[in-house]
1. Check whether at least one residue in the stretch 382-402 is touching a Lys or Arg at 6+ places or on another chain (Cβ under 9 Å), more than 30 Å from K113 (Cα to Cα) and among the small types (G, A, S), and report yes or no.
2. Kindly provide the set of residues from the stretch 415-427 that are in a helix (DSSP H, G or I) and either touching a Lys or Arg at 6+ places or on another chain (Cβ under 7 Å) or small (G, A, S) (or both), ordered by number.
3. Among (1) assigned to a loop (DSSP other than H, G, I, E, B); (2) of a type outside the set (S, T, Y); (3) touching a Leu at 6+ places or on another chain (Cβ under 9 Å); (4) away from ligand 1 (no atom under 13 Å from the Cβ), which single condition is G73 missing?
4. Quick one: K113 ticks every box in (1) buried (at least 20 other Cβ atoms within 10 Å of the Cβ); (2) under 13 Å from the mean Cα position of the chain (by Cα) except a single one, so which number is it?
5. Being more than 10 Å from ligand 1 (Cβ to nearest atom), of a type outside the set (A, V, I, L, M, F, W, C) and buried (at least 21 other Cβ atoms within 10 Å of the Cβ): is that true of H65 here?
6. In the stretch 464-482, how many are part of a loop (DSSP other than H, G, I, E, B) and either among the charged types (D, E, K, R) or in contact with a Cys (Cβ under 8 Å, 6 or more places away or on another chain) (or both)?
7. Scan the stretch 137-163 and report the pairs whose first residue is part of a loop (DSSP other than H, G, I, E, B) and whose second residue is of a type in the set (V, I, T) and surrounded by fewer than 15 Cβ atoms within 10 Å (Cβ to Cβ), with Cβ atoms within less than 8 Å and a gap of 6+ or a chain change.
Amino acid sequence: MTDLRLFNSLTRQVEPFQPVHPGEARVYTCGPTVYNYPHIGNMRAYVFADVLGRTLSFNGYKLTHVINITDVGHLTDDADAGEDKMEKMAAQRAQSIWDIARHYTEAYWADIKALNIRQPAQWTIATEFVPQMIEFAQSIADKHCYELDSGLYFDVSTVADYGRLARAQTEEGEGRIEAVEGKRNAADFAIWRKTPPGEKRQMEWDSPWGRGAPGWHLECSVMSGQVLGFPFDIHTGGIDHREIHHPNEIAQNQAFCCTNGLDVPANSGARIWMHNNFLVERSGKMSKSSGEFLRLQLLIDKGYHPLAYRMLCLQAHYRSELEFSWEGLGAALVRLKRLVLAVANLRGQAAAPAAAPGARFAPYLERFAAAVADDLNTPVALTVLEEVAALKKVDAGEKLAALAALDAVLGLDLLALDRAVLRIRPKAATITEDEIEAALAARKAARAEKDFARSDALRDELAARGVEVMDGDPLGWEWKLG
Ligand code: AMP
Ligand code: ZN
């Protein structure tokens, strides 16, 4: 098997993957802040992490994947400005934070399932790690932190080479960080935020620095280190985290790993830091906070199966920006349907996949393995999968086995998906499935009587109501989307 090579944001280079623990791969993924529904851009980050995990498994590593749920501490600005996103939403809704967190965590998990993202070994919930966060902060406080009225701050000048991950400590970059009275360096950040005197927060804990809540960056350092142990192999997140969140995690990890004055950059907690690029709308950046945002449920409401979105993600390399459009999503759905149809045809020829694909498939499997091992080149891997699906004069059972092996990495669920399941009723549809079937039966009768004018009229009526008649296709009809 080809050696796995991954792009490390720390070095900005593609590097061979060399596990910390032989035969194992330990991966931490920054999870969602559960103050709102995730948008499909957020979900791109988890599709990417899932493909990474599946690729590591495919390459024979025993995978331990951890994804966190941030239910406290993430401010409306990634730096230190603004309010806690969770507190803000709870106040707006007049609901308890815990109810908000539960609701949106469940919504997120539903999207994870719908996108066929594998369950990680552990979901770490930030509020369940607060004592460990306090302990971690205590261990670095003397050498690396200072206290202000508003909290305990990390002094970024106490670690070597702060911000090298971001490579963008520009005047402009730092200017974005809202000044906090008394901060020593513009990039210093709160690792513990004190509840202001006279205020009561829904979520607060006692600490050596007073009642308050942990900082968002502290959470990920603690959860990743606790569950996976420093150093672990790979830390992932969206590209925005390369600028503030991850440099701050790295600074804390350096401080924590080397309390003996040896805060060398190599102690960044994870050996490899990987970042997916953004899904963008034509109008620009996607945002949960602006108007109607693109949720997975919106796609489903419009008749697009969630796995069409997974296909859309796979068609682009994770490090490329991906522009969302309904046409693009429609094309991805068609591509997925073709594959599902190919599998259905094979199922008609073979009862079950063979135990293994034979020698005829070996060159394809090799090319596929090489593509994913090349920093997760899913666009190329997909085309190899399609070549396999199109192979003629091969054993159907073996072909099914080959497709199953490749889909174990891409996760399109090809062997379980049914074409009828991909046909999702758009919410806006005004015609029932029974009415459609009745019109199709009437059309069949008209054709039997050679009344082609009537048959065409029926087809046009269906088309006007958003239904496409597909003669010769066992499914018979399809919703017209977009
Ligand atoms: P958040 O819930 O805001 O912490 O974001 C969850 C994940 O989604 C993080 O890894 C972000 O970096 C990532 N993310 C946010 N917006 C986008 C986007 N438009 N495209 C891809 N990933 C994103
Ligand atoms: Zn994080």
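1. Taking every residue of the stretch 382-402 in turn, none turns out to be touching a Lys or Arg at 6+ places or on another chain (Cβ under 9 Å), more than 30 Å from K113 (Cα to Cα) and among the small types (G, A, S).
2. Going residue by residue through the stretch 415-427, those that are in a helix (DSSP H, G or I) are 419-422.
R419, A420, L422, listed by residue number.
3. Condition not satisfied by G73: (4).
4. Unmet for K113, out of (1) buried (at least 20 other Cβ atoms within 10 Å of the Cβ); (2) under 13 Å from the mean Cα position of the chain (by Cα): (1).
5. Working: more than 10 Å from ligand 1 (Cβ to nearest atom): yes; of a type outside the set (A, V, I, L, M, F, W, C): yes; buried (at least 21 other Cβ atoms within 10 Å of the Cβ): yes.
Answer is yes for this residue.
6. Step one: of the stretch 464-482, the residues part of a loop (DSSP other than H, G, I, E, B) are 465-466, 470-476, 480-482.
After this cut, where a residue has to be either among the charged types (D, E, K, R) or in contact with a Cys (Cβ under 8 Å, 6 or more places away or on another chain) (or both) as well, the list is 465, 471, 473, 480.
Residues in the stretch 464-482 being part of a loop (DSSP other than H, G, I, E, B) and either among the charged types (D, E, K, R) or in contact with a Cys (Cβ under 8 Å, 6 or more places away or on another chain) (or both): 4 in total.
7. Hits for this filter: A160/V264.
Conditions tested, residue by residue: (1) under 13 Å from the mean Cα position of the chain (by Cα); (2) among the hydroxyl-bearing types (S, T, Y); (3) closer than 20 Å to Y318 by Cα.
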{"position": "R5", "(1), (2), (3)": "no, no, yes"}
{"position": "G23", "(1), (2), (3)": "no, no, no"}
{"position": "Y28", "(1), (2), (3)": "yes, yes, yes"}
{"position": "V51", "(1), (2), (3)": "yes, no, yes"}
{"position": "T70", "(1), (2), (3)": "no, yes, no"}
{"position": "K88", "(1), (2), (3)": "no, no, no"}
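The values are calculated or read from the model by the stated rules, or taken from the named source; none is laboratory data. Small disclaimer: the values here were computed from a predicted structure and weren't measured. Note: ideal-geometry Cβ built from the backbone for every residue, glycine included; neighbour counts use all protein chains shown.
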